[in-house]
Amino acid sequence: MPLAIRRLVAQPSFYATAGAVLVWLVIVAHSHGVGGGAVISGALNYSVFFALVGVGQMLVMASGAGNIDLSIPANITLAAYLSSGQMQGANAGMAAGFAIGLLSGVIIGLANALLILALRIPPMVATLASGLVIESFCFAYSRVSVAKPAPLLVSFTTQRLAGIPLVVIAAIVASAAVIAVLKRSLFGRHIFACGQNMTAAWLAGVNVRRTRVFAYVACSTFAALAGILFAGFTGGPSLNMGSEFLLSSIAVVVIGGTNVAGGQASVVGTWSASIFLFLLLTMLNVFQVDPGLKNVITGALIIAVLALGKANRPQAQ
Amino acid sequence: MANTSRRYAENAGSALAVLMSKRSTLSVIALVLVLVAVFWMRPNIARYNGVRLLLNLSPVLIFTALAQMFIMTASDIDLSIGSFVALVNVIVAGIASPGLAAAALLACVAGYGLMGALIHWLRLPSIVVTLGASFVWLGLGLMVLPLPGGDVPLWLSDAMRLRPPWVPAPVLVALVAMLLGHLILYQTSFGVILRGVGSSPAALERAGRSTLRARMSLYALAGICGVIAGVFLAGITTTGDANVGRGLTLLSVGAVIIGGGEFVGGIVSPVGTVMGALVMQLSGSLLSFASVAPAWQYSVQGGILVCILGLRAISWRRVVT
């Protein structure tokens, strides 16, 4: 293979992107070339939420083996309820709604970090427990309040500029900022250093604790942001709105080429994987595959993409 | 482990200290506390029938947790066990021919072994492979039984109503599960090899053992436990539902960890895991007895999890320093 192609294939995000393009081509071929743009636009509008959540999960997973945030679904739901409850369906409360939703995300991130670092509870169980607690708050809050997103937020999540949803443009800007932070800032290098070898990072003078706290706070803030926006997109929060994000937040990160063992991450890959998974479901719907088989194919493809990526990326051990 | 116990005992010089450094101790204490609280609030339950009803569903979580424990013995994690148990439940309830159902269950166990082989050969992270597999199990379950329903063989639902003398059936099941798990992992040379996958695969290879075969055995054992859990679920609920396994996966991880298990290093305790499963199961009933509002039950469950693990972190820190 020519070097250029070999380099392309070696990119962590290659398989997710190739998969997304392939599935898109199948969909367009099936409709005889009609509506290809609309498919992309629709896919972007929906997968943007998964990408935002995925970028957060990615930061946590990149900060070391075993790091994971399972409180994301509850976090999304709580932020959606708090922000929409503040907005009460009026534009006037929008800024306050955003502030309160993001604040809940930050607090959840700090609480997770506290459980993991101070009490030394393994991240998987710590965030599982905090997720349970947050779920209680969601239940309690949903009973006492009327939660309705501001009209401006609703239109922001559905309006398009030259075919691209506004919320997608905003999310791309945020993701670009994450890329810049990861590639160019000290914090980004510290995350990867912790992810590759925590002891070595500590010996090299990295403030491991602070870095991990940042990773968890960033993750839950991204999830909260996605929750606020998703409430606008779906017209209002619901108690189970976060549940589908639990497994998919992990799936998009790993299919996107981020190493589960930590130390390496791909924002572009996470986006590609979000779009890939959504297009895949679209394709299976277009072909009217029955729900059972749809799940089997999705699962098999997740494993296949992962296996392919691993086989062709020997350096990512 | 014996070493740590001894060292700790020398440091603190008391029998209590030895007890505290045992991996399963905290789960025993937690279980006793939960049981005392339940019996105190509802004295009527402290009888044969009360215990039988209280623990009616516990075999499902016990065997799901044991399955998770076998996977965690290999330092892996299984995000698919919940939907696997649901798949077994659906096969039992949805496939009428006994021969076909038995063959399907065998295939399920083989599928689990293969999953282990795939993870081993390609050195894939188990968390993602099992994540993908969870969709596969769910999908297969939906293909067998698209909507909840089906019929469970009469002999199975009858077996669930058995009343052995003196000891209620769920307690008996818990004891047998503990014993078997302990025998397999800690009383046989096979168990040493199995634990080696998680603690020291390199040493295992150098000793001429196949880590691949050992890991496949662990996954197959997990598959068998998953099948047992699913059969219990079908027998107790007398119906099949492909979506029933959602909460089970994370509860099983909680049970293993409460029971003194670790995510890496092949450190698990079958006895502790069963206790942990009982604690998770009972804390739900405890909260409804205490008339905690349903909304806050999750919170208290999460709180219990944090307390137990926080306590363990503190007592273990004393061991290390």
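The values are calculated or read from the model by the stated rules, or taken from the named source; none is laboratory data. What you are looking at is a predicted structure, and each value in this text was computed from that prediction instead of being measured. Because the Cβ atoms are built from the backbone with ideal geometry, glycine has one as well, and the counts that use them run over all protein chains shown. Note: areas computed on protein heavy atoms with side chains; ligands, DNA, RNA excluded. Shrake-Rupley method; radii C 1.70, N 1.55, O 1.52, S 1.80 Å.
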| remark: Rounded to the nearest 100 Å², the accessible area hidden between B and A, summed over both chains at a 1.4 Å probe radius, is 3500
| remark: The lysines whose Cα lies under 25 Å from the Cα of A:Lys183, excluding any fewer than 8 residues away in the same chain, are A:Lys310
| query | What FRET efficiency would be calculated for the residue pair A:Val144, A:Leu3, taking the C-beta separation as r and a Förster radius of 51 Å, to the nearest 0.05? | reply | 0.25
| request: Have a look at the range A:100-129 and report residues whose accessible surface goes down by 10 Å² or more when the remaining protein chains are included, against the chain on its own, probe 1.4 Å, ligands and DNA/RNA excluded. | output: A:Leu115, A:Ala118, A:Leu119, A:Arg120, A:Ile121, A:Pro122, A:Met124, A:Val125, A:Leu128, A:Ala129
| message | What is the percent carbon and sulfur in the accessible area of the protein assembly as shown, measuring with a 1.4 Å probe over the protein chains and ignoring ligands? | response | 69
| field | Space enclosed by the convex hull of the alpha-carbon atoms of the protein assembly as shown, per residue, Å³ | value | 177
| Shielding by partners - mean other protein chain Cβ count within 10 Å, residues of B:122-130 | 6
| task | Compute the accessible area per residue over the range A:82-191, keeping the other protein chains in place, probe 1.4 Å, unit Å². | result | 47
| query | Across the residues of B:238-250, average count of Cβ atoms on other protein chains within 10 Å? | reply | 1
| query | Where in the range B:52-77 does the amide nitrogen come within less than 18 Å of the point 7 Å from the Cα of B:Leu106, taken along Cα to Cβ? | reply | none
| task | Within 10 Å, count the other beta carbons around each residue, average over each peptide in B:194-203, A:123-132, A:247-256, and list them highest first. | result | A:247-256, A:123-132, B:194-203
| Relative contact order [Cα under 8 Å, 6+ residues apart], chain A, whole percent | 35
| note | In nm, the gap between the two label points placed 7 Å beyond Cα toward Cβ at A:Ser41 and A:Thr158 is 1.4
| task | Averaging sequence separations of C-alpha pairs under 8 Å and six or more residues apart, then dividing by the length of chain B, give the relative contact order as a whole percent. | result | 35
| said: Taking beta carbons within 10 Å but only from partner chains, what does the mean come to for residues A:136-144? | reply: 4
| field | Heavy-atom accessible area order for B:Thr273, A:Thr282, largest first, 1.4 Å probe | value | A:Thr282, B:Thr273
| Sequence of B:Trp296, A:Trp202 from largest to smallest accessible area, 1.4 Å probe | A:Trp202, B:Trp296
